[in-house]
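Chemist: Structure in structure tokens, see below.
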Amino acid sequence: MEECLAKKMEITVSEAEKRTGRNAVNMQETYTAYLIETRVVESQNEGQCAPVDSLWRRYSEFELLRNYLSVTYPHIVVPPLPEKRADFVWHKLSADNMDPDFVERRRIGLENFLLRVASHPVLCQDKIFYSFLTQEGGWKEMVNETGFQLKADSRLKALNATFRVKNPDKRFTELKHYSDELQSVISHLLRVRARVADRLYGVYKVHGNYGRVFSEWSAIEKEMGDGLQSAGHHMDVYAASIDDILEEEEHYADQLKEYLFYAEALRAVCRKHELMQYDLEMAAQDLTSKKQQCEELATGTVRTFSLKGMTSKLFGQETPEQREAKIKVLEEQIQEGEEQLKSKNLEGRDFVKSAWADIERFKEQKNHDLKEALISYAVMQISMCKKGIQVWTNAKECFSKM
């Protein structure tokens with residue numbers, strides 16, 4: 001297997017810029033563009049660094065890239081994009097997609113998306129993805145020339161159609177159920193986290209009232225004044241620290257959100273398998289039907305009721321020549337159907353093999369990432385509690401010196 005692109009190229013989304021332009025219907029719009037910087041990692045080239053290449057991309061172009069990858073590689077759990085608009089936020093955080101803090105978090109998320117794709121053993125080798133990183137002009141035309149949109153449209157229609165698979169693969173059924181449960185659990189976790197953040201923000205900011213009261217009190221005390229003033233200062237610092245704490249905490253929330261969206265990517269693979277299985281069963285059913293028709297024509301016996309059978313009884317039997325012609329057509333269709341069924345069986349087996357290999361890779365990645373994120377979140381909470389203890393320890397010392 002070729003070495004993944006992430007080891008050959010440094011990829012960063014280094015900045016975001018608010019821009020104004022005209023859209024497809026010539027209306028003015030405001031959007032955010034992101035600067036992608038890439039540098040080829042040279043192998044010990046006398047200590048010289050390769051030059052940095054850069055280009056700007058809009059969020060919609062990232063969406064186009066991901067849609068292309070999802071359609072072109074249906075057996076792969078394609079990395080998700082960061083959210084387009086903020087969700088599961090605590091009250092002080094803006095849900096405006098033009099808010100500088102949100103844009104910065106999305107910048108980090110878009111960089112993470114590119115690194116995920118560049119690290120994937122299959123996706124990293126895609127030419128359209130490489131062009132996304134290196135070719136600013138004409139990239140959209142290149143994507144559209146692949147014809148992926150036609151596949152996407154027909155796939156969407158098929159997925160929206162109501163169909164029922166008679167013999168579903170138990171593994172994919174269980175995986176679909178797991179992805180639903182994972183999404184539900186992470187959604188609840190993010191809601192709890194947002195409520196806790198709101199309460200923490202309130203508790204910390206109320207400590208600012210201690211600072212004000214101690215400061216006012218110090219003005220009327222001679223012996224106790226300095227101690228009260230110092231304690232008030234510690235309370236003010238404590239109250240102000242919550243902004244940075246919750247900003248850092250938002251980073252861990254974004255890591256959880258990534259797997260909230262990964263759950264949908266898992267479901268997409270399950271749906272594709274379900275659709276392939278349905279097509280296979282329909283092809284087998286059609287082949288069986290044609291074989292039965294052929295047998296009925298050859299033997300002159302009708303085993304099942306049909307409109308054709310009734311018509312022949314009412315208006316007379318077909319001539320031997322007509323029957324032979326129909327049998328010949330059916331035999332050709334049966335041969336074609338058998339080849340098609342064989343092809344669909346092979347395609348299905350290849351899909352399951354490839355999909356399951358990628359699902360196992362994804363599970364390993366998920367376990368590692370979520371374990372790391374939860375540990376980091378716990379460490380941050382411990383650090384926050386220690387800061388609170390330190391503030392009150394300092395206040396206690398101030399009171400002791402009065």
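The values are calculated or read from the model by the stated rules, or taken from the named source; none is laboratory data. As the structure is a prediction and not an experimental result, all values here were calculated from the model. For neighbour counting, all protein chains shown are included, and Cβ atoms are generated from backbone atoms with ideal geometry for every residue, glycine included. Calculation scope for accessible area: heavy atoms of the full protein, side chains included, ligands and nucleic acids excluded. Shrake-Rupley method; radii C 1.70, N 1.55, O 1.52, S 1.80 Å.
Chemist: Suppose we filter VAL192, VAL213 for residues that are out of contact with any helix residue (DSSP H, G or I) (no Cβ under 6 Å at 6 or more places or on another chain), closer than 30 Å to GLU250 by Cβ and of a type outside the set (Ser, Thr, Tyr); which single one remains? Give the derivation first.
Modeler: Values: VAL213 fails: closer than 30 Å to GLU250 by Cβ.
One residue alone meets the criteria, VAL192.
Chemist: Among the listed residues ALA378, ALA395, ALA373, which satisfies the condition of being part of a helix (DSSP H, G or I) and touching a His at 6+ places or on another chain (Cβ under 6 Å)?
Modeler: On the way: ALA378 fails: touching a His at 6+ places or on another chain (Cβ under 6 Å); ALA373 fails: touching a His at 6+ places or on another chain (Cβ under 6 Å).
When all the criteria are applied, what remains is ALA395.
Chemist: Among the residues of region 243-265, which ones are open to solvent by less than 10 Å² (accessible area, probe 1.4 Å), at pLDDT 90 or above and of a type in the set (D, E, K, R)?
Modeler: Of everything in region 243-265, just one residue is open to solvent by less than 10 Å² (accessible area, probe 1.4 Å), at pLDDT 90 or above and of a type in the set (D, E, K, R), namely LYS257.
Chemist: Name the residue, out of LEU69, LEU65, that is touching a strand residue (DSSP E or B) at 6+ places or on another chain (Cβ under 9 Å), modelled with pLDDT of 95 or more and closer than 28 Å to MET276 by Cβ.
Modeler: Numbers: LEU69 fails: touching a strand residue (DSSP E or B) at 6+ places or on another chain (Cβ under 9 Å).
Step by step, each of LEU69, LEU65 is checked, and only LEU65 is touching a strand residue (DSSP E or B) at 6+ places or on another chain (Cβ under 9 Å), modelled with pLDDT of 95 or more and closer than 28 Å to MET276 by Cβ.
Chemist: Can you name the residue in region 10-26 that is at pLDDT 75 or above and of a type in the set (A, V, I, L, M) and is also surrounded by the most Cβ atoms within 10 Å (Cβ to Cβ) among such residues?
Modeler: Our first condition is that a residue be at pLDDT 75 or above; within region 10-26, this holds for 10-21.
Add one more test, that the residue is of a type in the set (A, V, I, L, M), and what stays is 11, 13, 16.
On the way: ILE11: 17, VAL13: 21, ALA16: 18.
Filtering first and then ranking leaves VAL13.
Chemist: Hey, another quick one. Where residues in region 191-220 are aliphatic (A, V, I, L, M) and over 17 Å from SER241 (Cβ atoms), which of them is surrounded by the most Cβ atoms within 10 Å (Cβ to Cβ)? Spell out the reasoning first.
Modeler: Filtering region 191-220 for residues aliphatic (A, V, I, L, M) gives 192, 194, 196-197, 200, 203, 206, 213, 219-220.
From what is left, the residues that are over 17 Å from SER241 (Cβ atoms) are 192, 194, 213, 219-220.
Details: VAL192: 11, ALA194: 16, VAL213: 13, ALA219: 9, ILE220: 9.
Looking at residues that are aliphatic (A, V, I, L, M) and over 17 Å from SER241 (Cβ atoms), I get ALA194.
Chemist: I've got another one for you. Would you call ALA373 among the aliphatic types (A, V, I, L, M) and open to solvent by 50 Å² or more (accessible area, probe 1.4 Å)? So that I can check it myself, show each step before the final result.
Modeler: Details: among the aliphatic types (A, V, I, L, M): yes; open to solvent by 50 Å² or more (accessible area, probe 1.4 Å): no.
It is false that ALA373 is among the aliphatic types (A, V, I, L, M) and open to solvent by 50 Å² or more (accessible area, probe 1.4 Å).
Chemist: Taking ASP180 as the residue in question, decide whether it is open to solvent by 40 Å² or more (accessible area, probe 1.4 Å), assigned to a helix (DSSP H, G or I) and over 30 Å from SER343 (Cβ atoms). I'd like the intermediate steps shown before the answer.
Modeler: On the way: open to solvent by 40 Å² or more (accessible area, probe 1.4 Å): yes; assigned to a helix (DSSP H, G or I): yes; over 30 Å from SER343 (Cβ atoms): yes.
For ASP180, the condition - open to solvent by 40 Å² or more (accessible area, probe 1.4 Å), assigned to a helix (DSSP H, G or I) and over 30 Å from SER343 (Cβ atoms) - is met.
Chemist: Looking only at region 126-139, decide whether some residue is modelled with pLDDT of 90 or more, among the acidic types (Asp, Glu) and assigned to a helix (DSSP H, G or I). Talk me through it step by step, then tell me what you get.
Modeler: Of region 126-139, the ones modelled with pLDDT of 90 or more are 126-135, 139.
Next, only the ones that are among the acidic types (Asp, Glu) stay: 126.
Then keep just the ones that are assigned to a helix (DSSP H, G or I); that gives none.
No - not one qualifying residue is present in region 126-139.
Chemist: Here is a check on your reading of the model: is LEU175 in a helix (DSSP H, G or I), under 21 Å from the mean Cα position of the chain (by Cα) and touching a residue at least 60 places away in the same chain (Cβ under 8 Å)?
Modeler: It is true that LEU175 is in a helix (DSSP H, G or I), under 21 Å from the mean Cα position of the chain (by Cα) and touching a residue at least 60 places away in the same chain (Cβ under 8 Å).
Chemist: Look at region 194-218 and say how many of its residues are among the hydrophobic types (A, V, I, L, M, F, W, C) and within 21 Å of SER400 (Cβ to Cβ).
Modeler: Going residue by residue through region 194-218, those that are among the hydrophobic types (A, V, I, L, M, F, W, C) are 194, 196-197, 200, 203, 206, 213-214, 217.
Those still in the list that are within 21 Å of SER400 (Cβ to Cβ) too: 213-214, 217.
Residues that pass the stated criteria total 3.
Chemist: Kindly indicate whether ALA268 is in the same structural domain as HIS207 (by the TED database), over 33 Å from the mean Cα position of the chain (by Cα) and either buried (at least 18 other Cβ atoms within 10 Å of the Cβ) or at pLDDT 85 or above (or both). Talk me through it step by step, then tell me what you get.
Modeler: Details: in the same structural domain as HIS207 (by the TED database): yes; over 33 Å from the mean Cα position of the chain (by Cα): no; either buried (at least 18 other Cβ atoms within 10 Å of the Cβ) or at pLDDT 85 or above (or both): yes.
Taking the combined requirement at face value, the residue does not satisfy it.
Chemist: Moving on. Return the pair list, or none, for Cβ contacts closer than 6 Å from residues in region 221-250 that are farther than 30 Å from ALA378 by Cβ to residues that are open to solvent by 30 Å² or more (accessible area, probe 1.4 Å), at least 6 apart or on different chains.
Modeler: Within 6 Å, the pairs are MET224/MET402; GLY227/PHE399; GLY227/LYS401; GLY227/MET402; LEU228/TRP217; GLY232/SER215.
Chemist: List the residue pairs whose Cβ atoms are under 6 Å apart, where the first residue sits in region 355-379 and is more than 18 Å from ALA253 (Cα to Cα), the second is surrounded by 15 or more Cβ atoms within 10 Å (Cβ to Cβ), and the two are 6 or more positions apart or on different chains.
Modeler: ALA355/HIS75; ALA355/VAL269; ASP358/ILE76; ASP358/VAL77; PHE362/VAL77
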